[in-house]
Amino acid sequence: MKVTPTKLPEVLLLEPTVFGDARGFFYESFNRRAFLESTGLDLEFVQDNVSRSSKGVLRGLHYQVKQAQGKLVRCTAGEVFDVAVDIRRSSARFGRWTGIALSAENKRAVWVPAGFAHGFLVVSPSAEILYKTTDYYAPEHERSIVWNDADIAIAWPLDAAPTLSTKDLDGVPLRDAEVYA
């Protein structure tokens with residue numbers, strides 16, 4: 001596995017070793033020992049989630065203020081533009097973002113640690129996301145930062161207005177959000 005830090009160094013791009021031939025391909029989507037050796041992170045994942053969405057659906061920017069979740073995110077069908085935003089007030093990179101194309105074709109994954117808001121935009125006709133989390137979903141602690149916050153200024157690859165959930169329509173700007181110390 002190849003691991004590359006992004007412009008937010010705690011957010012890591014992971015590229016698996018893929019074995020392919022005329023029959024197809026094989027790769028380990030997760031191996032705890034290889035993950036530890038490649039990243040230095042000894043994590044316990046407690047929940048796997050799958051999300052399927054249509055083109056133009058934007059989900060995020062989500063996080064939990066308690067039971068903060070680290071997320072290992074992979075796109076298993078289609079393609080998404082995946083985003084992480086540093087929302088640790090004590091961080092020198094507070095409010096900065098990074099975006100990565102994840103697709104079934106490129107087989108990449110991204111590690112989004114606790115302390116970061118996460119979201120993605122579906123850029124293919126549809127996409128399926130699989131993500132592992134380091135803590136359980138706790139809806140009472142979930143928060144949403146508005147996707148188009150001008151202070152964060154994410155360059156979403158949009159060709160039309162995104163499709164949003166009510167929760168995401170009600171997202172707040174980072175300056176008003178409950179964030180991490």
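Laboratory data are not the source of any read-out in this text; all were calculated from the coordinates shown. All values derive from a computational prediction rather than experimental measurement. Using ideal geometry, Cβ is built from the backbone for each residue, glycine included, and neighbour counts are taken over all protein chains shown.
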Q. How many residues does the stretch 124-156 contain that are exposed (fewer than 13 other Cβ atoms within 10 Å of the Cβ) and either within 27 Å of F45 (Cβ to Cβ) or in contact with a Leu (Cβ under 7 Å, 6 or more places away or on another chain) (or both)?
A. 4
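Yes/no per residue for (1) of a type outside the set (A, V, I, L, M); (2) in a strand (DSSP E or B); (3) surrounded by 15 or more Cβ atoms within 10 Å (Cβ to Cβ):
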{"position": "F35", "(1), (2), (3)": "yes, no, yes"}
{"position": "N49", "(1), (2), (3)": "yes, yes, no"}
{"position": "L58", "(1), (2), (3)": "no, yes, yes"}
{"position": "L72", "(1), (2), (3)": "no, yes, yes"}
{"position": "D82", "(1), (2), (3)": "yes, yes, yes"}
Q) Taking into account only those residues within the stretch 160-181 that are in a loop (DSSP other than H, G, I, E, B) and of a type in the set (D, E, K, R), which is farthest from L61 (Cα to Cα)? A) E178
(Q) Return the residues of the stretch 84-107 that are surrounded by fewer than 21 Cβ atoms within 10 Å (Cβ to Cβ) and in a loop (DSSP other than H, G, I, E, B); say none if nothing qualifies. (A) R89, S90, S91, A92, R93, F94, G95, R96, A104, E105, N106, K107
Q.
Quick check on my filter: what residues within the stretch 158-181 are over 18 Å from Q69 (Cα atoms) and among the hydroxyl-bearing types (S, T, Y)?
A. T163, S165, T166
Q: Can you tell me which residue within the stretch 3-32, out of those that are within 17 Å of G70 (Cβ to Cβ) and in a strand (DSSP E or B), is farthest from the chain's Cα centre (by Cα)?
A: V3
Q. Mind checking which pairs have a first residue in the stretch 6-21 that is in contact (Cβ under 8 Å) with a residue 60 or more places away in the chain and exposed (fewer than 14 other Cβ atoms within 10 Å of the Cβ) and a second that is charged (D, E, K, R) and assigned to a loop (DSSP other than H, G, I, E, B), Cβ under 7 Å, 6 or more apart or different chains?
A. V18/K107
Q) What are the residue pairs meeting all of these: first residue in the stretch 73-86, first residue over 15 Å from L14 (Cα atoms), second residue acidic (D, E) and surrounded by fewer than 22 Cβ atoms within 10 Å (Cβ to Cβ), Cβ atoms under 6 Å, and 6 or more apart or on different chains? A) A77/E128
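Among the residues of the stretch 95-108, count how many are under 28 Å from E178 (Cβ atoms) and either of a type in the set (K, R) or in contact (Cβ under 8 Å) with a residue 60 or more places away in the chain (or both). Before you say what the answer is, go through the steps one by one.
Of the stretch 95-108, the ones under 28 Å from E178 (Cβ atoms) are 95-100, 102.
With the extra rule that they be either of a type in the set (K, R) or in contact (Cβ under 8 Å) with a residue 60 or more places away in the chain (or both), the set shrinks to 95-98, 100.
Final tally of qualifying residues: 5.
Tell me, please, whether a residue that is touching a Pro at 6+ places or on another chain (Cβ under 8 Å) and of a type in the set (K, R) can be found in the stretch 49-66. If you could, list the steps in order and put the result at the bottom.
Kept after step one, since they are touching a Pro at 6+ places or on another chain (Cβ under 8 Å), are these residues of the stretch 49-66: 54-58.
Now drop any that are not of a type in the set (K, R), which leaves 55.
Checked the stretch 49-66: at least one residue is touching a Pro at 6+ places or on another chain (Cβ under 8 Å) and of a type in the set (K, R).
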